[in-house]
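Worksheet: one structure, shown below.
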Amino acid sequence: MKRPVTLTINGAPHAVEVEPRALLVQVLRDDLNLTGTHVGCDTSQCGACTVLIDGHAVKSCTVFALQAEGQAITTIEGIGSAEKLHPLQAAFWEKHGLQCGFCTPGMILCAADLLSRNPDPSEVEIRHAIEGNLCRCTGYQNIVAAIQSAAAAMGGTNAERTPASTTAKPAGVPAGAGV
Amino acid sequence: MATLFGSGIKRREDPRLITGTATYTDDVKLPGLCYAAMLRSPYAHATITRLDVAAARKAPGVVAVYTGAEIKDRVGTVPCAWNPPNCDLKVPPHLLLAVDRVRYVGDGVAVVVAGTRAEARDAIDLIEVDYDPLPAGTDPERMTQSGAPLLHAEVPKNIAFTWVVNGGDADKAFAEAPVKVKQRIVQQRLAPTAMEPRAAVASYNKGSGQLTLWCTTQNPHIHRFLCSLILKLPEHRIRVIAPEVGGAFGSKIPCYPDEALVSLASMDLGRPVKWTEDRSENYKATIHGRDHIQYVEMCGTKDGKITGLRTTVYAGLGAFASTAGPGIPTILHGLVYSGAYVIPNIHGTIYGVYSNATPVDAYRGAGRPEAAYLVERLVDIFADEIGMDPIEVRRKNFIPKTAFPYTVATGLTYDSGDYEAALDKALSMIDVNIFRAEQEKARKQNRYLGLGLVSYIEICGLGPSQVAGAVGFGGGLYESAIVRVYPTGVVRVYIGASPHGQGEETTFAQVVADEFGLPVESVEIVHGDTETTPQGWGTYGSRTTAVSGSAVKLAAVRVKEKAKKVAAHLMEANEADVEWKDGSFVVKGTPGAGKSFAEVAVMANVAWNMPSGVEPGLEATAFFDPPNFVYPFGTHICTVEVNGDTGEVKILRYIAVDDCGPQINPVIVDGQIHGGVVQGIGEGLQEIMVYDEDGQLVTGTMMDYAVPKASQMPHIETAHTCTPSPVNPLGVKGCGEAGTIASAACLVNAVCDALSPLGIKHIDKPLTPARVWAAIQQAKGGLQ
């Protein structure tokens, strides 16, 4: 039995009918055609499905779509665009932080969460923050460089933009979800 | 004029990938799309005594259910496309779906097609199967021994083939040599783990009789050919599209049952059908890599000269011979036993063995890492035996740079190399004497520091098609390219190769833009669609830049030759008097503006004023079939600290010096090295596919299979030497597999060096804390 839900994605409301068991990532991809969010595993290890929910990086394969009602969801399609890249997108391009690109959207959103909490992370902090996002192509080195470069480009403005950065996981997101 | 060749420009393919606007196979949606799900065997070996799909057929949304018995007479079997000569390879039929008997965990049993993914999955659960389990085994050595379960009645002792490599007289060398060392080495099963799981979307038009197949493939033209055989559909009725492919590492070379099954369903239903594997399905039903048990020996003199190498290898093939499976442990493995060294006497016996496990095929490096690892481990063990610095042993046995082209004992002729230069460069990046002093000091404090070094070679740029035929590869290995210049002077290049993350949309554009004096933005590289691209054999074996890139270069040169004729005509000059200078065609010795490439392009395309006898248009096709393979090489150095209490290995530094010839885009080259090194470190430290005694897959999810994480991996220091290859017009070699070929051996060499005070000479990878700890305890007499 499908149930109606309104999801706020990239600033716009989307009314959809979903099965209660439908995962957020399935609804994003199959119902809303937001195919930039990827599925790379079944067990919340790989992080390819990472999105932001109220500013926090969350693996959208561990959230039922129904749970995400009323929260602000940001996907790779919403963080920037080809015309106006987010500094992280620009930095991943500049620093060759991707090869096949499959992990990249999740990696960028995970990094966005990190920089919102810690605008000037060390290499160790970056490697720790992204350890829930797997990349098989790059060996991570240029991903780390890209995140460092984006942090520099974004300058200290992070703290001002995301004051909620020190809060715990948003309500409705199950414990253990996210990175 | 500055060239783009050699410039680390940003990648052309990235904007779509970083904005989520790229299209991978699972992103493809078509009107009327339905979804397939596969029922796979949970048993390693069993007889199917009952298979009842009646309830599944009646389930909500289900439009079709297939079993093996129903389809076996309608389709061919999954082909094995590599049949090495003189080895009596036996290839039992690999059915699309099992009939009566399953032979590995993951073997396909039935397919459900339904309106949604969930409906297909739900209906799978309604299929009733009774299995009668049979004895099973997954160890390739034990499977050849008496009492082992037999997989295929027509394959005695499960031995699919016995292949021998022989050069010189190894038995004589060993009989005469004063120094002999030997080691049993296990090269564990690995899961390639491309981040994008495999997927296929088949759409058959009953009116036109045309099948379009979107597919996660590294080689769409090979898929077209093999699917044509399986489906009994003429090749020209099949279009295979490799859209964005999210990594592959060899696992998307083979033709699997799955893409043929969705094609069959679409042909029956007249509706598009999609299938996407989940990760646990990927770990069961997508090929694995390695799986060798090796008995290896090296002999030589007390002053460090290597005189012989012998091996006996049990190479697991899994339950069936995969597309390229038999070629990996033979041609791509045994022939490179000489490594970077003069080893006059080599003998290897390779048994290809069927077992109750997932089929094994090419995984990054494919046969060459298994060879480099045994050679480089043996060199260290040999050096230890004679009390000589392993660096000096390597130096003493290198093929000298003046000897190229050099034919090794196995018969391969290496194109070019300067192994000592790469070694010296690597040694310039670390002071080994200081490290040895620190190591000595640390040992007094019961701390274990180690330094590992490897000097590898690889065979890539596959390869001359004549050789492909001679070694039983079921296809050619040339590449082709079409360079097409539009009236406005912009260019599209159509290549038969099929990159999936390696960046050829950028590097090939750099080559073409240089040729025509254009900005790189004016050149687009098109790949991955058999409808638009000329014949190609795929992206694997570090071959695309050397082979496809050379085809691109040749086609561009042909275009330019024609453009020169047109330019001469337009300038009313003799073609012999026209030269290309600073991005224009000019008349030699004549001042003033010449004709730019764009000006010539428009005239050639409108053809208002062409030279006599010259056809309109400005495009060319070129096929490049290399006269030889290319042989990249390098030296990697790794330093580690091993925790004697926990067995944990900490990488202190990782230095990679690689020589892949001239680099079109050094940033992309370094990216390939980084990724390759980390995959090899994963192999060395933590990755292993584990089966239990019953053949059950224990590491069937990412919770169990330890893909390297960012926090576990080191910063990699890269440097390069440059030795051009004489066998292609770009002089390039290849770099996609280099890191993986070097790094697993480098890491294990470092750990064994660290633990040498305990008398430890070898530990089988992966060097998990548990294994290292056990080895330490055993060496100390604490564990028996």
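Here are the numbers for this structure:
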item	result
Segment B:11-22 - residue that is touching a residue at least 12 places away in the same chain (Cβ under 8 Å) and in a loop (DSSP other than H, G, I, E, B) and, of those, surrounded by the fewest Cβ atoms within 10 Å (Cβ to Cβ)	B:Arg12
Residues of segment B:410-437 classified as closer than 30 Å to B:Glu648 by Cβ and touching a residue at least 40 places away in the same chain (Cβ under 8 Å), total	7
The one condition in (1) assigned by TED's automatic domain parsing to the domain that holds B:Phe585; (2) over 31 Å from the mean Cα position of the chain (by Cα) that B:Phe435 fails to fulfil	(1)
Extreme residue, nearest to B:Ala710 (Cα to Cα), among residues of segment A:109-130 that are within 12 Å of chain B (Cβ to nearest Cβ) and hydrophobic (A, V, I, L, M, F, W, C)	A:Ile130
Selection from segment B:302-338 of residues that are at positive phi and among the β-branched types (Val, Ile, Thr)	none
Any hit, segment A:83-97, residues being modelled with pLDDT of 95 or more and in a strand (DSSP E or B)	no
Selection count where residues are in contact with a Gly (Cβ under 8 Å, 6 or more places away or on another chain) and surrounded by fewer than 24 Cβ atoms within 10 Å (Cβ to Cβ), scope segment B:206-220	1
Matching residues, segment B:511-529, being surrounded by fewer than 23 Cβ atoms within 10 Å (Cβ to Cβ), in contact (Cβ under 8 Å) with a residue 40 or more places away in the chain and under 25 Å from the mean Cα position of the chain (by Cα)	B:Asp529
Set A:His56, A:His38, A:His14: member being at pLDDT 95 or above and within 12 Å of chain B (Cβ to nearest Cβ)	A:His38
Qualifying residue in segment B:543-564 (condition: closer than 24 Å to B:His223 by Cβ, basic (Lys, Arg) and not in a helix (DSSP H, G or I))	yes
Residues being of a type in the set (A, V, I, L, M, F, W, C), under 30 Å from B:Ala513 (Cβ atoms), under 27 Å from the mean Cα position of the chain (by Cα) and more than 14 Å from every other protein chain (Cβ to nearest Cβ) - total across segment B:1-51	1
Residue list for segment B:373-415, restricted to those being over 20 Å from B:Thr311 (Cβ atoms) and among the charged types (D, E, K, R)	B:Asp389, B:Glu392, B:Arg395, B:Lys396, B:Lys401, B:Asp415
Subset of segment B:438-481 (residues that are basic (Lys, Arg) and without any contact (Cβ under 8 Å) to a residue 24 or more places away in the chain)	B:Lys441, B:Lys444
Candidates B:Thr532, B:Thr539, filtered to the one that is closer than 25 Å to B:Glu505 by Cα, of a type in the set (S, T, N, Q) and surrounded by fewer than 24 Cβ atoms within 10 Å (Cβ to Cβ)	B:Thr532
Selected residue (criterion: surrounded by the most Cβ atoms within 10 Å (Cβ to Cβ)) from residues of segment B:690-728 that are in contact with a strand residue (DSSP E or B) (Cβ under 6 Å, 6 or more places away or on another chain) and within 12 Å of another protein chain (Cβ to nearest Cβ)	B:Ile716
A:Phe92 being in the same structural domain as A:Leu24 (by TED's automatic domain parsing), free of Cβ contacts under 8 Å to residues at least 60 places away in the same chain and in contact with a helix residue (DSSP H, G or I) (Cβ under 8 Å, 6 or more places away or on another chain)	no
Hey, B:Val105 buried (at least 23 other Cβ atoms within 10 Å of the Cβ) and among the aliphatic types (A, V, I, L, M) or not	yes
Selection within segment B:678-689 - facing chain A (nearest Cβ under 8 Å) and under 14 Å from the mean Cα position of the chain (by Cα)	B:Gln679
Subset tally (residues that are facing chain B (nearest Cβ under 7 Å) and within 16 Å of the chain's Cα centre (by Cα)) for segment A:86-96	2
So A:Ala164, is it modelled with pLDDT under 95, in contact with a Ser or Thr (Cβ under 6 Å, 6 or more places away or on another chain) and among the aliphatic types (A, V, I, L, M)	no
Within segment B:132-155, tally of residues that are touching a Lys or Arg at 6+ places or on another chain (Cβ under 9 Å) and either in the same structural domain as B:Ala59 (by TED's automatic domain parsing) or not charged (D, E, K, R) (or both)	12
All positions within segment B:448-507 that are away from chain A (no Cβ under 14 Å) and part of a helix (DSSP H, G or I)	B:Ser465, B:Gln466, B:Val467, B:Ala468, B:Gly469, B:Ala470
Test for B:Ala555: is it under 25 Å from B:Cys460 (Cβ atoms), away from every other protein chain (no Cβ under 14 Å) and in contact (Cβ under 8 Å) with a residue 24 or more places away in the chain	yes
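To keep it simple, each residue is scored yes or no on (1) within 14 Å of chain A (Cβ to nearest Cβ); (2) touching a Leu at 6+ places or on another chain (Cβ under 6 Å); (3) not hydrophobic (A, V, I, L, M, F, W, C).
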| residue | (1), (2), (3) |
| --- | --- |
| B:Ala177 | no, no, no |
| B:Gln210 | no, no, yes |
| B:Leu213 | no, no, no |
| B:Gln218 | yes, no, yes |
| B:Val240 | no, yes, no |
| B:Gly246 | yes, no, yes |
| B:Pro254 | no, no, yes |
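For every residue, the table says whether it meets (1) buried (at least 16 other Cβ atoms within 10 Å of the Cβ); (2) modelled with pLDDT of 95 or more; (3) touching a strand residue (DSSP E or B) at 6+ places or on another chain (Cβ under 6 Å).
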site	(1), (2), (3)
B:Gly348	yes, yes, yes
B:Ala357	yes, yes, yes
B:Val360	yes, yes, yes
B:Leu378	yes, yes, yes
B:Glu392	no, yes, no
B:Ala403	no, yes, no
B:Ala421	yes, yes, no
B:Leu427	yes, yes, no
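The values are calculated or read from the model by the stated rules, or taken from the named source; none is laboratory data. Model, not experiment: these values are computed from the prediction. We place every Cβ from the backbone using ideal geometry, glycine too, and count neighbours over all the protein chains shown.
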